[in-house]
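Rule-based calculations on the coordinates, nothing more; no lab input. In this text, all values refer to a predicted model and were calculated from it rather than measured experimentally. Every residue, glycine among them, receives a Cβ derived from its backbone with ideal geometry; neighbour counts consider all protein chains shown.
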Amino acid sequence: MTTRRSHHTAHSVPWVLTALCVLATHLTWITAATQPSEEHLSPLVAKLVGGHRAFGVSTYDLSLENARSLARSDLDYVYVDMEHGPMDFVALQIFLLGLTDRAA
C-alpha cells in the first residue's frame, strides 16, 4: 500500500507558515499599539521620554563620601570617569554601593 502525497500540499506548507508568521507579527503590533505604555524602570528614561531635561555629574572621585553626597542630591545620573584616574574596581564597587544607599 503506497501513500500518495499531493504535489500541492508539499509546496503550500512554506506559504502557510509564512502567512502565519506575518499574521502573528501583525497581531503583536496591534496588541502592543492598543495596550497602555508601561512605566520605565529608570526614572531618567521616563524623564527624557517626557521631554524633560536631565542633570548629572561626571566624577572620578570614587570615595564613599562622594558617593553618599551624590546619592542624596537631586541629580538624575552620575557618570563615573575611569579613564582619567586609576582603574580600581574595588573602589568602584564601594562607590556604587554608596550610591544606592541614600540613607547612609
Sites M87 and R53 - FRET efficiency at Förster radius 35 Å, r taken between beta-carbons, to 0.05: 0.65
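Per residue, how much space in cubic angstrom lies within the convex hull of the C-alpha atoms of the stretch 43-100?
Enclosed volume per residue, from the Cα hull, is 82 Å³.
Taking the stretch 35-104, which trypsin sites (Lys or Arg not before Pro) meet the DSSP loop condition and have no more than 15 other C-beta atoms within 10 Å?
For trypsin sites (Lys or Arg not before Pro) across the stretch 35-104 that sit outside H, G, I, E and B with at most 15 neighbouring Cβ atoms in 10 Å, the list reads R53, R72, R102.
Can you tell me the length gained on complete extension of the stretch D76 to D61, counting 0.36 nm per residue apart and subtracting the Cα distance?
Extra length from D76 to D61 when fully extended: 3.6 nm.
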